[in-house]
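Chemist: Dumping the structure here so I can ask a few things about it.
What follows draws every value from the coordinates through simple rules; no lab data is involved. Computed from a predicted structure; not experimentally measured. Here the Cβ positions follow ideal geometry from the backbone for every residue, glycine too, while neighbour counts run over all protein chains shown.
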Amino acid sequence: MKVTEITNTEFTAMVQAASNKLNKNTDFINSLNVFPVPDGDTGTNMSLSLASGYKYVNKDVSNKVGDLCASLAKGLLMGARGNSGVILSQIFRGFSKSTENKTTLSAQDLADAFVSGTETAYKSVMKPTEGTILTVIRMAAQAGKKTAAMTNDVVAVMDAVYENSKTALKKTPDLLPVLKQVGVVDSGGQGLMFVLEAFDDVLNGRVDDESGEYQPTDAEMTEMIDAAHHQSVQSKLDPDDIVYGYCTQIMVRLGKGKEVDRQFDYQTFYDYLAKLGDSLLVVNDDEIVKVHVHTEHPGKVLAWGQEFGDLATVKVDNMRLQQETIIENDDADKQTASPIQKAESLEAKADQPVSDTAVIAISSGNGLNKLFKSLGVNYIVSGGQTMNPSTADIVNAIQKTGAKRALVLPNNKNIFLAAEQAAQVAEIPTEIVHSKTISQGITAMLGFNPDNSLDENHQAMEDNLSTVKSGQVTHAIRDTNIDGFEIKKGQYMGIADGKIVVVEDKAVPAAISMVGKMLDEDSEAITIIWGDGANEKLADQVQAGILKLDDELEVEVHEGDQPVYPFLISVE
């Protein structure tokens with residue numbers, strides 16, 4: 001059956017079906033991770049990213065497809081997790097630009113939108129790599145463009161886009177040798193193919209009757225985004241020292257309500273609020289403006305908002321009261337805690353005073369969090385190998401510091417794009433220190449000086465990254481052949497700076513042997529951080545084994561509590 005346009009109804013169904021399909025195939029996409037480690041999370045990242053996009057679309061009551069595309073792009077932007085989720089968000093950012101102001105989409109509109117999505121996605125990556133999700137969207141979009149030149153049937157165009165995404169996906173191992181070596185296709189490309197397949201299914205009337213609407217429950221989201229709970233460290237600040245005591249948040253529907261007597265102008269609106277307090281954040285589009293401010297006069301903030309529209313939401317928190325409660329709870333904990341527990345509690349909760357520059361680190365594990373805080377990190381975003389935080393998570397962390405500028409330590413290369421996207425959205429100047437590992441993040445902190453400028457700190461911390469070698473020990477989740485090793489499920493791999501260098505049946509020999517591969521004549525200091533799957537006794541065995549390799553090395557041991565990796569080891 002020939003169809004000449006996509007309406008808002010079809011488009012919403014397409015996005016819903018795509019979200020469902022990614023959710024159902026999350027584990028399969030995760031299994032395509034090149035390294036057979038238990039932290040392959042491309043499917044999880046793409047599923048959660050698109051779930052966020054669909055929620056925005058589902059709340060949009062517009063009958064214009066262009067508006068729904070904008071909502072999808074916005075939801076994907078704020079929910080984007082990992083490189084795959086960010087690139088997916090960029091594809092639909094370009095898609096949205098092309099469909100702006102369109103009520104329905106013709107065959108040509110659909111083809112143009114995919115081409116625009118391809119261009120935006122390629123521009124978002126500093127060094128585009130073929131054999132990835134980028135190849136899949138490029139070849140799919142080219143096929144759609146060619147088909148649209150011959151027909152006005154949107155189904156025919158979508159068929160061509162989907163079929164060629166499958167062809168492109170099959171070619172990814174030929175374009176990226178490591179994929180062929182391991183025997184898998186690109187995981188991000190596979191995720192995108194599922195999205196395009198779902199779009200095609202809807203337009204062809206092939207939607208699974210059991211698909212339903214994917215709306216995770218609060219409990220499911222808590223489990224999936226265990227890391228999305230930010231760990232804000234509270235200081236022993238005297239409540240009376242809080243200058244502006246009320247955290248005030250409002251959302252104003254511009255031009256609505258009985259009290260409106262002003263036309264919205266961003267600078268005028270902002271300047272008045274800036275006089276009422278600090279930690280001010282004002283974001284808006286054509287319909288709403290959102291405000292966050294710490295003030296002594298929440299009533300004035302509400303009244304000011306009403307001059308421009310009605311108040312859709314209002315939230316006012318007494319921060320002095322909150323601080324009093326924190327102190328009371330801390331005191332109660334101390335009375336029942338052992339001396340060691342008291343010391344650990346103080347170390348965990350001791351906030352690093354935020355001067356002008358805040359440092360945010362992505363970390364997972366109480367021990368690692370304590371270590372970062374002791375080095376001067378102000379705010380921990382929980383996440384990392386097993387769950388990449390979203391753009392919104394990082395933006396919220398930047399905002400909550402209340403600083404004038406910020407530095408972000410991703411500590412995982414798969415978080416780089418989300419962090420960079422957050423830096424673009426953040427209301428304060430923000431730089432990303434490109435730490436690929438926890439070890440690099442720790443070393444980077446040695447270059448931080450709170451008295452230096454943002455640029456000076458950024459440069460010093462980036463320079464420190466090259467002074468450390470990073471090693472990780474984890475177990476294989478499947479049989480595979482990679483980096484010259486035949487690996488059996490359950491064996492332990494030593495991964496040095498992203499390359500498997502050792503395979504052993506047990507974690508301790510793997511760690512010792514890996515360090516032996518990492519040492520050179522300039523090596524002086526080793527740091528061992530043990531987590532899940534290890535304990536202090538095993539860490540001591542690793543330490544003893546390393547000292548047998550070179551008894552002049554300085555070896556430190558820390559408990560990290562990190563998931564997935566029994567040992568994280570740095571060599572400096």
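Chemist: Give me Rg/Rg_expected for segment 469-571, where Rg uses Cα atoms only and Rg_expected = 2.2 N^0.38 Å with N residues.
Modeler: Values: Rg = 12.7 Å, N = 103, 2.2 N^0.38 = 12.8 Å.
Normalised by 2.2 N^0.38 Å, the Cα Rg of segment 469-571 equals 1.00.
Chemist: Could you please state, rounded to a whole Å, how far the C-alpha centre of segment 390-429 is from the C-alpha centre of segment 513-572?
Modeler: Value for the Cα centre distance between the two parts: 31 Å.
Chemist: Another question about this same structure. In the calculated pair distance distribution of segment 420-480, what percentage of Cα-Cα distances lie above 15 Å?
Modeler: Numbers: 1085 of 1830 pairs.
Roughly 59 percent, rounded to a whole number.
Chemist: Continuing with this model, one more query. Distance in nm between label sites at ASP317 and ARG206, each 7 Å beyond Cα in the beta-carbon direction?
Modeler: 4.8
Chemist: Moving to a separate point now. Considering only Cα-Cα distances, which of the following residue pairs are longer than 26 Å: LYS102/LYS123; LYS24/LYS59; LYS180/LYS469; LYS300/LYS373; LYS499/LYS548? Don't jump to the answer; show the numbers that get you there.
Modeler: Values: LYS102/LYS123 24 Å; LYS24/LYS59 23 Å; LYS180/LYS469 28 Å; LYS300/LYS373 37 Å; LYS499/LYS548 24 Å.
LYS180/LYS469; LYS300/LYS373, as the Cα separations exceed 26 Å there.
Chemist: Additional query: Shape verdict for segment 409-452, please, from the Cα gyration tensor: rounded (a/c under 1.5), prolate (a/b greater than b/c) or oblate.
Modeler: Values: a/c = 4.02, a/b = 1.13, b/c = 3.56.
Verdict is oblate for segment 409-452.
Chemist: Peptides 547-556, 62-71, 269-278, 182-191: what's the order by average Cβ count within 10 Å, highest mean first?
Modeler: Result, highest mean Cβ count within 10 Å first: 182-191, 62-71, 269-278, 547-556.
Chemist: Just tell me which lysines come within less than 18 Å, Cα to Cα, of LYS21; anything on the same chain fewer than 8 places away is out.
Modeler: List returned: LYS55, LYS166.
Chemist: Could I ask something else about it? Place a label point 7 angstrom from the Cα of ILE288 along the Cα-to-Cβ direction, then list the residues of segment 372-405 whose backbone nitrogen is under 17 Å away.
Modeler: 392-393, 396
Chemist: Once R0 is set to 51 Å, what does the formula 1/(1 + (r/R0)^6) return for the Cβ-Cβ distance between GLN541 and ASP455, expressed as a FRET efficiency to the nearest 0.05?
Modeler: On the way: r = 44 Å, r/R0 = 0.86.
According to the calculation, E is roughly 0.70.
Chemist: Please find the FRET efficiency linking LYS256 to GLU427, where r is the Cβ-Cβ separation and R0 is fixed at 22 Å, and quote it to the nearest 0.05. Don't jump to the answer; show the numbers that get you there.
Modeler: On the way: r = 25 Å, r/R0 = 1.13.
Here the calculated transfer efficiency is 0.35.
Chemist: May I ask you to order 476-486, 433-443 by the average number of other C-beta atoms within 10 Å around their residues, highest value first?
Modeler: Values: 476-486: 15.0, 433-443: 25.3.
Ranking, from highest mean packing down: 433-443, 476-486.
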